[in-house]
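**Student:** Could you have a look at this structure, given as structure tokens, before my questions?
The values are calculated or read from the model by the stated rules, or taken from the named source; none is laboratory data. Since the model is a prediction, treat every value here as computed from it, not as a measurement. Reconstructed Cβ throughout: ideal geometry from the backbone, glycine too, with neighbour counts over all protein chains shown. Keep in mind that these areas ignore ligands, DNA and RNA; they rest on the heavy atoms of the full protein, side chains included. Shrake-Rupley method; radii C 1.70, N 1.55, O 1.52, S 1.80 Å.
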Amino acid sequence: MLLGTLAAALQGAFDGDALQQRLFPPLIWTVLILLSASYVFVAYAVWLRLRGTAKRRHRRELEARWQRGILEVIAGEDAQALLESVQPKDHLIFADFLLDYARRIKGPETEIIRELARSSLPAVVPYLAHRDSYRRARGVQILGTLGMPTYADVIIRALADESDLVAMIAARSLARAGDIRHLGAVSARLSRFDMWSPRYLASLLESFGAEAAPELRRMLADGSIPPSLRRVMALALTELLDLRAADVAFDLLPIEHDADLICALLGLLTVVGRPDHLDRVRELMTSDVPSVRMHALRAVGVLGGEGDVDAVAKGVEDSSPWVALSAARALRQLGHSERLTVLAGSGHPRALLAGEVLGEGH
Amino acid sequence: VLVSEGRTAEGAAALLRALLAVPGEAHGLHVGIAEPRPEAEFTDAVSQAGLLLNQSRRSSEPGASPERPRASESRTIVLAEDDPISAALVRHRLERSGFKVRHFENGAEALSAIREEPPSLVVLDVQMPGMDGFEVLARLKEDDRTRGVRTILFTSLGSESDISRGFELGTDDYLVKPFSPRELIARVLRLVRD
């Protein structure tokens, strides 16, 4: 209607006296172009919406059709009829739908779902080149959950995806599969995941299981690897309760300078260390770095003995309340709560802290 | 007769007796190996046997199908679960084992339905919109009409403190997601047996 009005106005312009001056002035051209463009955009938006609605409806219909069959197959029925009902163009949706089931169950039924998905997974591989990173991530998740170890190479390639999310899901998939052969590929890409916490990355490596320990020890001892990554290795070895890592940590303590790494080494020794590792730990109770003193006191509290009580008690006087807290807990662990009782009943600045630690013991 | 792959008759009998907590011979229970079948069928057979045994205890009326008990004879289970996929998995497996399932997507509706007509068992998701599973459980145990209803907490909260909290509130069992449907059925049967 608006275009019609404008056309009429243009017609009027032709009828006027100053035809040359009024013919198609730039303003009218601009309005015409903008209006046309807006009509095109509106039509495109409507088309996109309709297409999206149709896709969602199609997917809902497919899922409703498949659900009963999937549940029956999971319960032990034959899968042939269900698999034959999946059209080639719907393999991607089918695999995506199966992922929802695979994520919710464990045990032998998981293998049934993986078998159901097997013929649909080739349709997922091209999805990993989609321009939308969330769709690539979903593709990696499907292949990582339902297609390992067959699609391990595809997942390894996804470690180099430009999206950190896609790469992390690929790393998680490889780790969850527990195949130690992929540890090298994952650890080589670990530096790109600096936005994730070291503990999260350590748990990622720990997912590879105890077989990963020798490689993690080697990387922990490798001075050419950045300390931030070696810290992750130390945390992972702590999670794995790797007893042999204690000697590696002991050897590294006097030569490392990165405080975070030293703290991770002390944490490792706290969990898997032995009393003969204490000499180097004790030295760090007087470190200039509060976090190092805190971790050293914690380790001494676990590994130490009567000879450490006085030095640990001094730690309660530390200017850092966190170090003092660690020292107080260490005192309690060493069996000298009576010192805390005396402190708690005094007017000492750390009296309140001593009382809190005594309360933790009950 | 149970079907089993890789199990001996003795092993199958021991498992069945453990699940049903009965001395097999005392109940005239005969266990044998029919032919190699998928493991799923073995578990289903155990489930079915347990259910049938429970039904035979309640009534000596013949007619129950050896494959699947009729719905009118099955016990009712209330399932409170807001996740549609988990709900479908649980519901299908329970119905397949002969139970009648009433499904609710939130705790308040489930609580109301349980109070109105106490079921044999409640499978209760913990994380639900509105009233969560812990609260539903607490209210069930406060009410004389529903205190005796058996419950299984069914949740992704698998920490020691969450599990402890569930048992402190009085749940009979606790199943962590992701879950094994076979394990769920075994636990359900153990509870409805009594």
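**Student:** Dimensions of chain A along principal axes (Cα, Å, largest first)?
**Tutor:** Computed over the Cα atoms, the extents are 108, 68, 44 Å.
**Student:** Oh, and also: Probe radius 1.4 Å, ligands and nucleic acids ignored: give me the carbon and sulfur share of the accessible area of chain A as a rounded percent.
**Tutor:** Taking all protein chains in place, chain A shows 57 percent carbon and sulfur surface.
**Student:** Tell me the net charge near B:K141. Cut-off is 12 Å between Cβ atoms, B:K141 excluded, with +1 for each Lys or Arg and -1 for each Asp or Glu.
**Tutor:** -2
**Student:** Further, regarding this structure: Roughly how much accessible area, to the nearest 100 Å², goes out of reach of solvent when B and A pair up, both sides summed, probe 1.4 Å?
**Tutor:** Using a 1.4 Å probe, the pair buries roughly 1600 Å².
**Student:** Would you mind pulling out the separation of the Cα centroids of the stretch A:132-197 and the stretch A:27-69, in Å?
**Tutor:** Between the Cα centres of the stretch A:132-197 and the stretch A:27-69 lies a distance of 34 Å.
**Student:** Using alpha-carbon pairs under 8 Å, 6+ residues apart, how would you state the relative contact order of chain A in percent?
**Tutor:** 6 percent
**Student:** With a 1.4 Å probe and all protein chains left in place, how much accessible area per residue does chain A have, in Å²?
**Tutor:** So chain A comes to 53 Å² accessible per residue, rounded to a whole number.
**Student:** Going by Cα centres, the stretch A:267-340 and the stretch B:72-108 are how many Å apart?
**Tutor:** If we compute the Cα centre of each part, the gap is 54 Å.
**Student:** Got a number for carbon plus sulfur as a percent of the stretch B:138-194's accessible area, 1.4 Å probe?
**Tutor:** 45 percent
**Student:** So what is the 222 nm mean residue ellipticity for chain A from helices alone, if each DSSP H run of at least 4 adds -39500 (n - 2.57) and you divide by all residues, rounding to the nearest 500 deg cm²/dmol?
**Tutor:** Estimated from H runs of four or more residues: -21000 deg cm²/dmol.
**Student:** What residues in the stretch A:104-121 lose 20 Å² or more of accessible surface when the other protein chains are added to their chain alone (1.4 Å probe)?
**Tutor:** A:R104, A:I105, A:K106, A:P108, A:E109
**Student:** Taking beta carbons within 10 Å but only from partner chains, what does the mean come to for residues A:65-74?
**Tutor:** What the average comes to for A:65-74 is 3.
**Student:** How long, wide and thick is the stretch A:55-101, going by the Cα atoms along their three principal axes, in whole angstroms, largest first?
**Tutor:** 31, 19, 16
**Student:** With Cβ to Cβ distances under 13 Å as the rule, what net charge do the other residues near A:Y101 carry (K, R +1; D, E -1)?
**Tutor:** Summing Lys and Arg as +1 and Asp and Glu as -1 gives -1.
**Student:** Please list, ordered by chain and number, the residues whose modelled amide H lies under 5 Å from the amide H of A:I105; skip anything fewer than 5 residues away on the same chain.
**Tutor:** Hits under the 5 Å cutoff: B:F179.
**Student:** Taking H as built 1.01 Å from N, whose amide H comes closer than 5 Å to the amide H of B:R102, not counting residues under 5 places away?
**Tutor:** Those qualifying (amide H under 5 Å, at least 5 residues apart or on another chain) are B:I77, B:V78, B:L79.
**Student:** Tell me, what HN-Hα J-couplings in whole Hz come from the Karplus equation 6.51 cos²θ - 1.76 cosθ + 1.60 at θ = phi - 60° for each residue of the stretch A:174-187, using x for Gly and Pro?
**Tutor:** 5, 5, 5, 5, x, 8, 4, 5, 8, 4, x, 4, 6, 5
**Student:** To the nearest whole number, what is the average tally of beta carbon atoms from other chains within 10 Å of the beta carbons of peptide B:172-182?
**Tutor:** Per residue, the average neighbour count from other chains is 4.
**Student:** Output the peptides B:179-186, A:128-135 sorted from most to least packed, where packing is the average of other Cβ atoms within 10 Å over each peptide's residues.
**Tutor:** Ranked by mean Cβ neighbours within 10 Å, highest first: B:179-186, A:128-135.
**Student:** Still on this structure: Near the amide H of B:L175, under 5 Å away, which other amide H atoms are found, from residues 5 or more places off or on another chain, if H is placed in the peptide plane?
**Tutor:** Result for B:L175 returns B:L153, B:F154, B:T155.
**Student:** Quick one: what are the phi-derived ³J(HN,Hα) couplings along the stretch B:165-176, Karplus 6.51/-1.76/1.60 with θ = phi - 60°, whole Hz, x for glycine and proline?
**Tutor:** Going residue by residue, I get 4, x, 6, 5, 6, x, 5, 8, 7, 8, 10, 9 Hz, with x marking Gly and Pro.
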